[in-house]
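I have placed the structure first, in the form of structure tokens, so that the comments after it can refer back to it.
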Amino acid sequence: MLANFVVFLREHEFAAQWEQLNVALTNDLANMKYQYYTLLYGGVVPTMLTDEPPVIAPPAVFQAQATANVFFQTDECLRLDKSTCLPTTSPWYKVTHSGLDAQFQEFIKDMEQFSRLPAINQTIDTPSYQYNWRVAAIDLYEGLHTASDTFVGTTLDALGKLQTLHTILLISTLGLLVYLVLVVLVPFRRQLLTESGRIAGLLSQLPQEADVEGQVKSLVVAAAIAKPKSETTSKNWSIAKGVSAAAASAARAAATRAAGAVGNFKSKLAAAERVASNPG
């Protein structure tokens, strides 16, 4: 497009504008070559942000075989309307049927030759400009659209596979969670409730004397309530010492009774088991 404008200015004798645009054309061609080779083989991507680290791009063309085929291996015409493809007698037939890379290299070569021509020779009829407006404007332009669509298609296909993989992992995780609940947690809860009921049944069979904690608590609380609140600190300390001594004595007595009660309970339980094992 810039080359077309350069030709227009040359034909209309705008010398000052022609010089500026010819320099811009040379710079744009250099940038285009760099970006194209970065697309093919990877490299540092140009950026306008000076305070950001450089971005290293991989060779995007070779990330998918379908995209590489469009650039290097196809021998088909890349025009969208195949009926308008160049005939075999055209001097550009071979380059338009050798992949997108051949067309792009031909375009860069012709445009570099065109930019180095003197002003008097930069016309629409110059040989180095013929490929630009006869072939590149259609074959190269539509071929780039084909490559872009191919790249987008392969990218979406990869994303679809990744989404399928994530769905499979989610379903597998939920299935494993359900398996753990049904196979591990539910039987454990059932066994825990059964064991709790059995222990509660055994504790309910113990006599009252075996409740050491309850007896000590009742003695301490009863002693504390029996004393008036208006007594002095020394009396309270004496009472506390007496209560402690009484509690310790009661605890020893309760422990002795509990041991005896547990012994009697064990002997009764053993006797019941012997009777159950010998019904005759």
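Any read-out appearing in this document is the output of simple, stated calculations on the displayed coordinates, not a laboratory observation. Note that the structure is predicted; figures quoted are calculated from it, not measured. Cβ: placed from backbone, ideal geometry, glycine included. Neighbour counts: every protein chain shown.
What order, most packed first, do the peptides 107-117, 75-85 have when packing is the mean number of other Cβ atoms within 10 Å of each residue? Kindly include the intermediate steps, with their values, before the conclusion.
On the way: 107-117: 17.2, 75-85: 13.0.
By packing density, highest mean first, the sequence is 107-117, 75-85.
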message = Highest mean first, how do 152-163, 30-41 rank when packing is the count of other Cβ atoms within 10 Å averaged over residues?
response = 30-41, 152-163
